[in-house]
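The values are calculated or read from the model by the stated rules, or taken from the named source; none is laboratory data. Predicted model only: the values in this text are computed from it and were never measured. Neighbour counts are summed over all protein chains in view; Cβ atoms, including those assigned to glycine, are modelled from backbone coordinates with ideal geometry. SASA here: full protein model, heavy atoms, side chains in, ligands and nucleic acids out. Shrake-Rupley method; radii C 1.70, N 1.55, O 1.52, S 1.80 Å.
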Amino acid sequence: MSEEKKPTPVTMKDVQAKAEEKKCQVQQSLVFIEEFLAEPMCGRCFPCSFGSYEMRIRIKKIVGGTGTDEDIARLKRISTNMLEASMCKKGKDTAKFIAEKIESGEYAGHIGKECSEKECDTLFEYIIIPEKCTSCNICKDVCKDNAIIGEKRKPHLSGYLPFEIAQKRCTKCGECIKVCPAGAIEFISVCAEKEPAGV
Ligand code: SF4
Ligand code: SF4
Ligand code: SF4
């Protein structure tokens, strides 16, 4: 009878390596805590188990653009508590990793809805710059989500609908920006001031 091979347990090194595939420090924190919760966290002590779950909730808020200074303060308190009271090194290492990321300053940037690495999708949107758009229709053809509105320009005809992106439908797949021959599509921070059309 052939022996069934047991899956290799996920180590803290694996968790860290997975997190460091991201560039943004807040994204790194989220991946770290989700990977930790999925396996190495055993739930045997409260400071680590409750702390990790609450960390995930607070970090998700920050990644999603609704985080506040209170979330950062709370994350700091949780990591201090986890560092002091966790039963094993795994909980303490998690606390250290998150505390280091908070100190990077990128957390504060995200409270202002800025992700310098452009990895937190909710803080960015694709837009079409009207002055650059030639109304060629190429982007509309590649958008699988029907998020692009506009009419292809026909020679000698006026009164066509200009191209724009319906943000509620856009899934931020990035396909349109790759194909625009005029460089008219940009991925900008939701905080960036948009120039009014036609200026
Ligand atoms: S600190 Fe260690 S023992 Fe406590 S829940 Fe975390 S992994 Fe388990
Ligand atoms: S990013 Fe994707 S979903 Fe959004 S408009 Fe471009 S192609 Fe469509
Ligand atoms: S591909 Fe670029 S130039 Fe063509 S319609 Fe779309 S945004 Fe405008």
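Structural remarks
- In the set (1) outside the structural domain of residue 161 (by TED's automatic domain parsing); (2) assigned to a helix (DSSP H, G or I), residue 116 fails one condition alone, (2).
- Selection of segment 62-99 for residues being open to solvent by 30 Å² or more (accessible area, probe 1.4 Å), under 17 Å from residue 46 (Cβ atoms) and not in a helix (DSSP H, G or I) yields 87, 88.
- Residue match in segment 72-90 (condition: in contact with a His (Cβ under 7 Å, 6 or more places away or on another chain) and away from ligand 1 (no atom under 13 Å from the Cβ)): no
- Condition met for residue 129 (open to solvent by less than 50 Å² (accessible area, probe 1.4 Å), out of contact with any helix residue (DSSP H, G or I) (no Cβ under 6 Å at 6 or more places or on another chain) and β-branched (Val, Ile, Thr)): yes
To keep it simple, each residue is scored yes or no on (1) touching a residue at least 12 places away in the same chain (Cβ under 8 Å); (2) under 26 Å from residue 72 (Cβ atoms); (3) charged (D, E, K, R); (4) surrounded by 14 or more Cβ atoms within 10 Å (Cβ to Cβ).
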residue: 7; (1), (2), (3), (4): no, no, no, no
residue: 14; (1), (2), (3), (4): yes, no, yes, yes
residue: 18; (1), (2), (3), (4): yes, yes, yes, yes
residue: 21; (1), (2), (3), (4): no, yes, yes, no
residue: 31; (1), (2), (3), (4): yes, yes, no, yes
residue: 52; (1), (2), (3), (4): yes, yes, no, yes
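- Hey, residue 109 part of a helix (DSSP H, G or I) and surrounded by fewer than 20 Cβ atoms within 10 Å (Cβ to Cβ) or not: yes
- Residue within segment 22-36 that is part of a loop (DSSP other than H, G, I, E, B), in contact with a helix residue (DSSP H, G or I) (Cβ under 6 Å, 6 or more places away or on another chain) and charged (D, E, K, R) present: yes
- Residue in segment 128-146 that is nearest to the chain's Cα centre (by Cα), counting only those that are aliphatic (A, V, I, L, M) and closer than 14 Å to residue 179 by Cβ: 128
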